[in-house]
Structures are given as structure tokens and as C-alpha cells.
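Engineer: Once you've had a glance at the structure underneath, I'll fire off some questions.
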Amino acid sequence: MILYPAIDLKDGQCVRLYKGEMAQATVFNDNPAAQGRAFAQQGAEWLHLVDLNGAFAGTPVNAQAVEAILDAVTIPCQLGGGIRDMATIEGWLKRGLQRVILGTVAVENPALVREAAAAFPGQVAVGIDARDGRVATKGWAEETDVNVIDLARQFEDAGVAAIIYTDINRDGAMQGPNVDATAALARAVSIPVIASGGVSRLEDLIALRDCGAKLDGAISGRALYDGKLDLAEALAVLKA
């Protein structure tokens, strides 16, 4: 199981939100490239990047910060937030991203996900962000009636690289991940699932690893910045 340190970008800075609220952002580093380098030096194998402004705007906003991170590290990076057309997908992959994450368009334009996954095998992931089992879009600002598992199953034959599942009510709250819902999703589809939201201590990662369903990875942000989770220790445990 891969541990993905998260770098959430708002106004060019590394921040963490509380339950997806832009008004409740804590700035952890005003130098995203330095933060990316620090995670890489501590042994991270991947980075998970989010353009928070872009998620609301529907188009990339923190491109300069993302590019600075790509220039600063050699490990692969995945990015979500504001990626909603083929030109943007192609542009980011040409720029050096290993994987793009499509969230809002997975609900609003699933054909684009299929087209992108076919054009760029292994480089397109679907981001499913949910409250109480229902998918939210546009930076979590809009609720839908779409069920998480129903949405995921739409892409079973599309060739997407992974599903990144975020429980919004756990994100940034340091209350532990929604292990049951994540495991249920992983059992329901054959697509690799990456858990996001609430990973705040080593025990959370162990619970995800041992949940009875095969998870491809887990994302953690605030806990790494706060020092509640030691990256090197976590990586060692997951490799044991």
C-alpha cells in the first residue's frame, strides 16, 4: 500500500482544509516546491497534489505552484482540481505529471473520463468525494444524489488507473478514515482504490491495510504537517 503525502494548494500556498471548507484553511508552507522536496527526501514514493482554487474555478489556478513541485522532485505526482477537458489533461501529462485525477467530470461528463483513460493508459484516475455515501462535486460545494459505488462501477471497463475515495466529513478532521466505506468500495470494484480523508496516525494506516479489502494506497496531509504521523515510520510499516 502506497502512502501519498498530500500537498493541497490554495493561493499558491500549501494548506489543509477542515471538512472541505475553503474558509477554514490552515497554511502549513508558503513554498510548495520545498514541501515537495521535503516529502521526497523523507522517502515518499508519490505525491498527491490538489489545486483547491481550481476545483472551484473549474480550470487550473495554482499551475505555477504545481510546476514548481514538478521541477523540484523526481518522484511521480498525481494532481486533481479543475481538470475538466482533454486539453488540460494532455497539457498536464506533457508537463510531467504521472497521473491526473478527474472528479467533477466523472459525474457530469463520464464520456470524457473514458476518452482520457483510453488516450492515456494508466495515467487517469477518478476522484470520488462523498458525504454520507453521496458524491459531491465542484470542490465539494455541490451535493448530488449519485451513489459512490454506482459511480465507481460506471468506470469498471474504462481502464482508469485508480479511484481516489475521499470521505469529506473525515478530511482534515484528524478523526480517522472511514475504513468501512472505503473497504466496501474496494470490494465492489476491480479498480485499485486509494483512501483519502482522516488518516491521522499510524494506526489508521494499519487499519486500512488490514481492512480485508485490497487498497492500493492512502493519502495523508494534515497529520504529516502536524507531526502526528511520521512519514519515514509510516513508510517502513507499510513495507513490512
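The values are calculated or read from the model by the stated rules, or taken from the named source; none is laboratory data. Given the structure is predicted, the values throughout are model-derived calculations rather than measurements. With ideal geometry, Cβ positions are generated from the backbone for all residues, glycine too; neighbour counts draw on all protein chains shown. Quick note on the areas: whole protein, heavy atoms, side chains included, nothing else; ligands and nucleic acids left out. Shrake-Rupley method; radii C 1.70, N 1.55, O 1.52, S 1.80 Å.
Engineer: Residues in region 68-77: is at least one of a type in the set (Val, Ile, Thr), out of contact with any Cys (no Cβ under 9 Å at 6 or more places or on another chain) and open to solvent by 40 Å² or more (accessible area, probe 1.4 Å)? Full working, then the answer.
Structural biologist: Going residue by residue through region 68-77, those that are of a type in the set (Val, Ile, Thr) are 69, 73-75.
Among the residues that remain, those that are also out of contact with any Cys (no Cβ under 9 Å at 6 or more places or on another chain) are: 73-75.
Now restrict to residues that are open to solvent by 40 Å² or more (accessible area, probe 1.4 Å): 74.
Yes, some residue in region 68-77 is of a type in the set (Val, Ile, Thr), out of contact with any Cys (no Cβ under 9 Å at 6 or more places or on another chain) and open to solvent by 40 Å² or more (accessible area, probe 1.4 Å).
Engineer: Of all residues in region 1-16, count the ones that are open to solvent by 10 Å² or more (accessible area, probe 1.4 Å) and among the hydrophobic types (A, V, I, L, M, F, W, C).
Structural biologist: 2
Here is a yes/no grid of residues against (1) in contact (Cβ under 8 Å) with a residue 40 or more places away in the chain; (2) under 16 Å from the mean Cα position of the chain (by Cα); (3) part of a strand (DSSP E or B):
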site	(1), (2), (3)
Ala181	yes, no, no
Ala186	no, yes, no
Ser190	no, no, no
Ile194	yes, yes, yes
Leu229	no, no, no
Glu233	no, no, no
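Engineer: Something else: Identify all residues within region 32-46 that are in contact (Cβ under 8 Å) with a residue 12 or more places away in the chain and open to solvent by 60 Å² or more (accessible area, probe 1.4 Å); write none if there are none. Give the steps one after another, and end with the answer.
Structural biologist: The first filter runs over region 32-46 and keeps only residues in contact (Cβ under 8 Å) with a residue 12 or more places away in the chain, leaving 32-37, 39-40, 42-46.
Within region 32-46, Arg37, Gln42, Glu45 meet the criteria.
Engineer: Also, quick follow-up: As an exercise: evaluate Pro110 against (1) out of contact with any Ser or Thr (no Cβ under 6 Å at 6 or more places or on another chain); (2) crowded, with 23+ Cβ neighbours inside 10 Å and give the number of the one condition it does not meet.
Structural biologist: Condition not satisfied by Pro110: (2).
Engineer: Does any residue of region 131-153 turn out to be open to solvent by 10 Å² or more (accessible area, probe 1.4 Å), of a type in the set (Lys, Arg) and at pLDDT 95 or above?
Structural biologist: Yes, that holds for at least one residue.
Engineer: Output the residue which, of all residues in region 137-166 that are among the small types (Gly, Ala, Ser) and outside any strand (DSSP E or B), is nearest to Arg99 (Cα to Cα).
Structural biologist: The first filter runs over region 137-166 and keeps only residues among the small types (Gly, Ala, Ser), leaving 139, 141, 152, 158-159, 161-162.
Going one step further and asking which of them are outside any strand (DSSP E or B), we end up with 139, 141, 152, 158-159, 161.
Numbers: Gly139: 19, Ala141: 24, Ala152: 18, Ala158: 15, Gly159: 13, Ala161: 8 Å.
Once the filter is applied, the top-ranked residue is Ala161.
Engineer: Of the residues that sit in region 168-210 and are of a type in the set (S, T, N, Q) and over 21 Å from Ala136 (Cα atoms), which one is least open to solvent (accessible area, probe 1.4 Å)? Full working, then the answer.
Structural biologist: Of region 168-210, the ones of a type in the set (S, T, N, Q) are 169, 175, 178, 182, 190, 196, 200.
Okay, now just the ones that are also over 21 Å from Ala136 (Cα atoms), so 190, 200.
Details: Ser190: 94, Ser200: 12 Å².
Only one residue tops the list, namely Ser200.
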